[in-house]
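One structure is given below, encoded as structure tokens.
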Amino acid sequence: MPERHIFNKAKMKIGQIIGATTLRGFRFVIKKGMEKHVKRDEFVIVNESVTDNKILGIIKDITISNELLPDEFGRDLRLEDIILNEGEYPVPTVKILGYECENGLELPRHGIKPGSGVKLADDDTLKRILRQEENRSALMGALSTRESVPVYVSVNDIISRHCAILAMTGAGKSYTVGVLIEELLKKKGSIVVFDPHGEYKGIKLKGSTTKVYGVRGDHKLKIETSSLRSIDFINLVPDLTNAQRDLIDGVVNLARKFYDKYDLKIVKEILGLIYDVKEGKEILAGNLPEGDIKELSKRVGLTTIGPTIRKIERLSRMGIFEIEGTPLNDIVSGNQLTVIDLSDADERLSETIIAALSRRIFEARKAYVKDGEGNFNTPTFLIIEEAHNFAPRTTEERTILSKSILKKIAREGRKFGVGLCIVSQRPNRLDADILSQCNTQIIMKIVNPSDQEHIRQSVENVTEDIVRNLPSLSRGEAIIVGAAVNLPITVRIRERTTEVGGEDIDIVGEWSKNARGKRA
């Protein structure tokens, strides 16, 4: 309560500038009694020397000095009520953000005089500078130094210009994704989450719809077989020989050429026709030219065809790949969260599902926006959890199918209303091109130096001082930087209203409970 009273008063003086100033920053000493208000990420105001413009700055560091008093203390500078304890004094370092103008903040041109008073920025000033259109913004939390100053992000910028949510394990990235989902559903948004751990199934917001599709059970996702390419099939069956790969490639290309839609049954039938030709039997090719079947048969032996049929049969038993997939309008709809639960899928199946669905969504939106085809009129936000597995930085021994379509969406999705949010605990393993296309970053605690360096090199909005702050963030704190905010800010993420998934198991509690059960 006392702290809020001070903020609401007319810019309380907290110190005086010492030493040389630049157009980028300055240092100051703290007025006695003001120590508790001077902290990292707090906002302060000083006056420009010529125009008297009010310059906004942010405290980036505080040095406790115990050196002999420097020259500036011997000049005509009156330091009244400054903390001096046997030669030791705290010296905050301030980064200048600029003064208010029509286009936001502009850096000063005339400099700041040493000895000038330093004041706390008042709440109203900060709210004005951080202002977003309420009906087009999402409430993510409050300034970490001011619970009284809410922080909103621009929804249009988050979606159309993509975003990344990055943090080490346990820092709260999935919790933050949940907050963002809640806010987008309040705006009647369409969100599709690819969820490798089943963390988002419990998000049910009053007045909106949540649909969950998995690879097992009653709500099984169906993928339209004809939306797959030969490389998708090859990825799904990891133990194929080169001859079997070539055979599948030929069969899938033949099916795509002569069928508008096909399923795995038709793929197996084509393989069966090739087998019969090899055995010298007469065939009834149906929709397919007999000459094409015979041409394919010349390129393989019987020992290749039989095992390939059995492997396609293995895919068929999954029950996911059908002639008609789950309708796209069931997956993508206004005021709806769709969770694609991949917790029961292995890595290859997960990649294929992400690639196939993302491709269908992107192509349907592109056809609607560019050519006026179809009725797919809902802009969509795709959230990719564990994105470093599906859009990795380096090329591995095999092709990661999901990476190419995610890269395409990152480059072109803005034009067609397909937004992308990549979520990762290992930024160093993320594709740098995709990361650089995310124009808003919500970054939580990261201590790994290689992760920090990859972020710094890949994202132009992330400066050296932001990277230095990452290890010191508390759980639930995030630095938001980029297109969706007016300036980089440290935020305390607000509490969620929906069920939270992915929480750590209380190991000791479980052990104790099991022990009590055995004694009983």
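Rundown of residues vs (1) surrounded by fewer than 23 Cβ atoms within 10 Å (Cβ to Cβ); (2) closer than 24 Å to V332 by Cα; (3) of a type outside the set (D, E, K, R); (4) not assigned by TED's automatic domain parsing to the domain that holds I231, yes/no style:
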residue	(1), (2), (3), (4)
F381	no, yes, yes, yes
I400	yes, no, yes, yes
I405	yes, yes, yes, yes
E412	yes, yes, no, yes
V418	no, yes, yes, yes
R429	yes, no, no, yes
M444	no, no, yes, yes
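Name the single residue that is modelled with the lowest pLDDT among those in segment 1-48 being of a type in the set (S, T, N, Q) and exposed (fewer than 15 other Cβ atoms within 10 Å of the Cβ). Spell out the reasoning first.
Taking segment 1-48 first, the residues of a type in the set (S, T, N, Q) are 8, 16, 21-22, 47.
From what's left, exposed (fewer than 15 other Cβ atoms within 10 Å of the Cβ): 8, 22.
Working: N8: 47, T22: 94.
Among those residues, the one meeting the criterion is N8.
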| request: Might you check whether a residue that is in contact with a Ser or Thr (Cβ under 9 Å, 6 or more places away or on another chain) and closer than 14 Å to K222 by Cβ occurs anywhere in segment 268-283? | output: no
Heads up, the strands (runs of 3 or more DSSP E) in segment 429-520 (entirely inside) with at least 1 residues that are at pLDDT 85 or above and charged (D, E, K, R) are 477-482, 489-493
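Kindly indicate whether L349 is assigned by TED's automatic domain parsing to the domain that holds L166 and within 18 Å of the chain's Cα centre (by Cα).
Values: assigned by TED's automatic domain parsing to the domain that holds L166: yes; within 18 Å of the chain's Cα centre (by Cα): no.
When the stated conditions are applied, L349 does not pass them.
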Listed by first then second residue, the pairs whose first member lies in segment 472-496 and is surrounded by fewer than 23 Cβ atoms within 10 Å (Cβ to Cβ), whose partner is in a loop (DSSP other than H, G, I, E, B) and of a type in the set (F, W, Y), with beta carbons under 9 Å and at least 6 positions apart or on separate chains, are none
Within segment 191-228, of all residues that are within 23 Å of N156 (Cα to Cα) and among the small types (G, A, S), the one modelled with the highest pLDDT is S208
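Table: residues versus (1) farther than 14 Å from L315 by Cβ; (2) of a type outside the set (S, T, Y); (3) buried (at least 20 other Cβ atoms within 10 Å of the Cβ).
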site	(1), (2), (3)
Y213	yes, no, yes
V267	no, yes, yes
Y275	yes, no, no
K298	yes, yes, no
With criteria (1) farther than 26 Å from R348 by Cβ; (2) assigned to a helix (DSSP H, G or I), H388 comes up short on (1)
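The values are calculated or read from the model by the stated rules, or taken from the named source; none is laboratory data. Predicted model, so just to flag it, every value in this text is computed and none were measured. Here the Cβ is made from the backbone with ideal geometry for all residues, glycine too, and neighbour counts use every protein chain on show.
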